[in-house]
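Everything below concerns the one structure shown next.
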Amino acid sequence: MGCMCPTGQISCGGQCTDLSSDPLACGACGRACTSGQLCRDGDCVCAPGWGQCSLGGGCVELATDHAHCGSCGRACPPDAACVAGTCTCPSGLSVCGSECRDLGSLTNCGACDRWCAEGATCAGGSCECPGVMPAVCADFCVDLADDEDHCGGCDQPCALGASCVEGTCACNRPGETICGDRCYALESDRLHCGRCDRVCPTGASCVSGGCVCDGAATLCGSTCVDTTTSRAHCGGCTTICASGQVCGASRCRPTYASGATASSDTGSIPDVRFAVVAVDDRGDVVWARSSYRSTIHVSSRGADGTVRWTSTISASTEDLGGTCVEPGAHRVGVVFWGSRGVEIHVLDDTGARVWSRTLSSATGRMRAGNCVFSAAGELVVGGTYGGSVDFGGDTRAGDTYGDAFLATYASADGVLVRVSTYGGGTTEEPLQVAIAPDGDRVITGETGGLSATVGSTSVNGAFVARLSPTDAVRWVYALGLRHDYLRPIGRPAVDSRGNVFVPGLLQGSSSDVTRTVLGLSYTITRDNDAVVLLALAPDGSGTWIAGVDSDYVGIPAAAAAVDDTPVLAVGRSAPGVSGFTPQVFAYRTDGSVMWTRTFATTSTADVADVAAASSVLAITGSASASIDLGGGPLAASYDDVWLAIYEP
């Protein structure tokens, strides 16, 4: 019996071997494992530290193989060696992918492919930017201390006009502040006044960090307003004018004080003055009105409407010429004309009669203008006369159809001081007179298209003249023929500076027409007339003309208010509007309208007279139905007159 191998072994070539582990007979006799392999469970497998890195290929030593260093397929860079399974570059280099690189370079700083920003250096494996506050912003080295695009932090650009100083944006020019994307001078910039985004309103400038309105305007809230004319900010930001008021010269005007109505007969004869008014130096108002052409009622009342006294004058009245009050003594003059001629009555401060005088003519026509008192204690009366008239010891013979007269009497007793007459032609309108601050007289009148003489000057038609306190002519200007130029209607006025204001009528045409008076032009729309106020300097030169068109003109009058505001009152029919509506216009020194007031009425109303003094404006007229003068409707019926008192 032959030799037998131990259990688990077989004989290969006469020697017993374990086919599961013999590297020379691995799994079968004669099957030898290659270098780096060992036999395990009858299969040749790579030994530890070796690896089979290609199909059918042999095992490679991963600890030293350049193409498979540490693991299959992990090739070392060409200039690296595989040491203990790790690719090892020459001294100072590190493996970066398939290359050996210097990790101290700008493109591999401290790590493979770690690029340093432009402007940086690589030190100790770290990218370092130069500067006081170095930083990397968008792949660039910047100094946050002075970089205007990255000031104090990345992407923090400085505004236009600013620089980066120690990491903070600061404007280059002293006194400027950064607001948004640029520098502004908060002391003067109207879009950033005093602080960013504080915008000064239109019409304002920034001064010393505060919004200041241009010119005379005032800053009210966020709006520049003209407090001289703004109803919502009259004289100050918080003052609001009441309904029906306007703002003029920084005051709500006119402030309604009181009103009254009384029975008369104004409606029976058009263009006849049945009520006149005056204001004294205390602000009291004298109102004279004709009642059914047989009695004149005269009253004095305070601005609040309180009646001081009343008086009556029996008369046969065609027309009231005017009433006036003497400064200081407060005597009251009333002038009217009728069938007995021109009558002059003077009352004392209680309404008692002081003296009276009647100027009559058996052959001529007598008409009264108005009256005024001078500071010298004289009463001056204007009018027209015809035939022989005794003016009080001085008899004059005038043209039958009317010459003009200006009579001056002592206010205390009615003694005639002087009378001046102006003739040579028919005088259609009685002389109206006003007293200037220096005592001069200003007169207006109108001839009937014939030449008349005023002093040594011949006038034909309407005229205005300035006389000395003794009636010497200082200057006289013709205003043109009645149908071509200005026809004076209503009394003139003189302000404290000596400026003269003449109310008058300009006649229109069937087409638009421009009238010129003393070099001043006024255009009237077609099919209308115009009521105007002509302003003259103290030397008589024209300064401005202003007014309003009308289908029908009543009897306007004018007076200078205490603050030198000229006022034109007119009862007119507005173009295309039925009925007559009283209106009052106050003007600035350049002729522009300061304020206007229209009296509401349910029917027809008219204006007769206006006067102003001592901060009081008084207006009187007629009404045929209820009228609102500013304090609510006042009852009126046909032939009634009304009185309105304002603080202008």
Q) Any idea how many residues of the range 468-496 are closer than 16 Å to Trp544 by Cα and part of a loop (DSSP other than H, G, I, E, B)? A) 3
Q. Which is more than 30 Å from Ala135 (Cβ to Cβ) and open to solvent by less than 70 Å² (accessible area, probe 1.4 Å), of Ala47, Ala111, Ala117, Ala84?
A. Ala47
Q: Quickly run through the range 504-551 and pick out the residues that are in contact with a Lys or Arg (Cβ under 8 Å, 6 or more places away or on another chain), among the small types (Gly, Ala, Ser) and part of a loop (DSSP other than H, G, I, E, B).
A: Gly508, Ser509, Ser510, Ser511, Gly540
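Give the residue that is modelled with the highest pLDDT, with candidates limited to residues of the range 551-575 that are among the small types (Gly, Ala, Ser) and crowded, with 24+ Cβ neighbours inside 10 Å.
First, the residues of the range 551-575 that are among the small types (Gly, Ala, Ser): 554, 557-561, 569, 571, 573-574.
Filter again for crowded, with 24+ Cβ neighbours inside 10 Å, leaving 554, 557-559, 561, 569, 571.
Values: Gly554: 52, Ala557: 57, Ala558: 61, Ala559: 60, Ala561: 56, Ala569: 78, Gly571: 69.
Per the stated criteria, the residue is Ala569.
Which of the strands (runs of 3 or more DSSP E) contained wholly in the range 165-246 include at least 1 residues that are within 30 Å of Pro134 (Cβ to Cβ)?
Numbers: elements: 168-171, 176-179, 182-185, 204-207, 210-213, 218-220, 223-225.
Once the strands (runs of 3 or more DSSP E) in the range 165-246 are filtered for at least 1 residues that are within 30 Å of Pro134 (Cβ to Cβ), what remains is 168-171, 176-179, 182-185.
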Q: Mind listing whichever residues of the range 126-146 are open to solvent by less than 40 Å² (accessible area, probe 1.4 Å) and part of a loop (DSSP other than H, G, I, E, B)?
A: Cys129, Leu144, Ala145
**Q.** Entirely in the range 576-648, the strands (runs of 3 or more DSSP E) that have 2 or more residues that are surrounded by fewer than 16 Cβ atoms within 10 Å (Cβ to Cβ) and free of Cβ contacts under 8 Å to residues at least 60 places away in the same chain
**A.** 593-598
Q) Given (1) touching a Phe, Trp or Tyr at 6+ places or on another chain (Cβ under 8 Å); (2) within 21 Å of Asp189 (Cβ to Cβ), where does Cys213 come up short, assuming only one miss? A) (1)
Q: Starting from the range 514-531, keep only residues that are more than 14 Å from Ala546 (Cβ to Cβ) and open to solvent by less than 40 Å² (accessible area, probe 1.4 Å), then list their pairs with residues that are acidic (Asp, Glu) and at pLDDT below 85 whose Cβ atoms are within a distance under 7 Å, requiring at least 6 positions of separation or different chains.
A: Asn528/Asp549; Asn528/Asp551
Q.
Cβ-Cβ under 8 Å, sequence separation 6+ or interchain: first residue in the range 401-419 and more than 17 Å from Pro469 (Cα to Cα), partner at pLDDT below 95 and among the acidic types (Asp, Glu). Which pairs?
A. Gly402/Glu428
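The values are calculated or read from the model by the stated rules, or taken from the named source; none is laboratory data. In this text, all values refer to a predicted model and were calculated from it rather than measured experimentally. Reconstructed Cβ throughout: ideal geometry from the backbone, glycine too, with neighbour counts over all protein chains shown. Side chains included, ligands, DNA and RNA excluded: accessible areas come from the protein's heavy atoms. Shrake-Rupley method; radii C 1.70, N 1.55, O 1.52, S 1.80 Å.
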